[in-house]
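Take a look at the structure below.
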Amino acid sequence: MSLSDRLSAYAPQALAVLRIVTALLFVLHGTQKLFGFPAAPFAPPAFSIFWFAGVIEIVTSILIAIGFYTRPAAFLASGTMAVAYWMAHAPGDLFPTNNAGDAAILFCFVFLYLIFAGPGAWSVNKK
């Protein structure tokens with residue numbers, strides 16, 4: 001058995017770790033917006049676009065972390081991050097390293113991957 005075959009046997013668990021860690025990082029962006037934790041530079045006004053982004057970040061990250069309706073939650077989260085990049089980051093500078101949009105792009109594409117890959121192992125919904 002090759003190394004590739006041995007590593008492939010753990011792909012569902014590796015996918016689950018990617019899903020869970022990404023969701024745990026993502027929830028912090030929502031809690032920062034809505035609850036000021038961790039410390040936030042500003043608190044968005046209730047029912048503003050940033051406030052709704054925080055709600056989406058918290059709800060989708062919890063669903064993704066536990067693996068419940070992962071694909072629809074990842075779809076919403078990915079779209080939210082695409083909109084966030086183009087509305088909040090790209091107008092300042094197109095390059096993500098200059099506009100602090102690296103995280104938005106990474107979240108967008110990890111969630112996009114989860115739409116197609118599903119939750120992996122250790123999820124409430126197995127498929």
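Please treat every number below as a calculation from the coordinates, not as lab data. In this text the structure is predicted, and so the values were computed from the model without any measurement. In this analysis, Cβ positions are derived from the backbone assuming ideal geometry, glycine residues included, and neighbour counts consider all displayed protein chains.
Some observations on this one:
- Residue count for the range 61-97 satisfying the condition of being within 15 Å of Leu112 (Cβ to Cβ) and of a type in the set (S, T, N, Q): 3.
- Pairs with Cβ under 7 Å, 6+ apart, first in the range 28-53 and more than 17 Å from Ala84 (Cβ to Cβ), second crowded, with 16+ Cβ neighbours inside 10 Å and of a type in the set (Ser, Thr, Tyr): Phe37/Thr31
- Candidates are the residues of the range 107-127 that are free of Cβ contacts under 8 Å to residues at least 60 places away in the same chain and β-branched (Val, Ile, Thr); the one that is nearest to Leu63 (Cα to Cα) is Val124.
- Of the candidates Phe26, Phe111, the single residue that is touching a Phe, Trp or Tyr at 6+ places or on another chain (Cβ under 7 Å), of a type in the set (Phe, Trp, Tyr) and under 24 Å from Asn125 (Cβ atoms) is Phe26.
- Given (1) assigned to a loop (DSSP other than H, G, I, E, B); (2) surrounded by 14 or more Cβ atoms within 10 Å (Cβ to Cβ); (3) not aliphatic (A, V, I, L, M), index of the condition Phe42 fails: (2)
- Cβ pairs under 9 Å, 6+ apart, first in the range 69-88 and farther than 20 Å from Trp122 by Cα and free of Cβ contacts under 8 Å to residues at least 24 places away in the same chain, second polar (S, T, N, Q) and crowded, with 18+ Cβ neighbours inside 10 Å: Leu76/Thr60
- Taking the range 54-69 as the range and being out of contact with any Ser or Thr (no Cβ under 6 Å at 6 or more places or on another chain), crowded, with 16+ Cβ neighbours inside 10 Å and within 23 Å of Trp86 (Cα to Cα) as the test, the residues that pass are Gly54, Glu57, Ile58, Thr60, Ser61.
- Among the residues here, Phe95 does not qualify as within 22 Å of Val17 (Cβ to Cβ) and loosely packed, with under 15 Cβ neighbours inside 10 Å.
- Screening the range 1-23 for residues that are more than 25 Å from Asn125 (Cα to Cα) and among the hydrophobic types (A, V, I, L, M, F, W, C) and picking the one that is nearest to the chain's Cα centre (by Cα) gives Leu3.
- With respect to (1) buried (at least 16 other Cβ atoms within 10 Å of the Cβ); (2) over 18 Å from Ile20 (Cβ atoms), the lone exception for Ala74 is condition (2).
- Members of the range 89-108 found to be out of contact with any helix residue (DSSP H, G or I) (no Cβ under 6 Å at 6 or more places or on another chain), farther than 18 Å from Leu28 by Cα and outside any loop (DSSP other than H, G, I, E, B), listed by number: Thr97, Asn98
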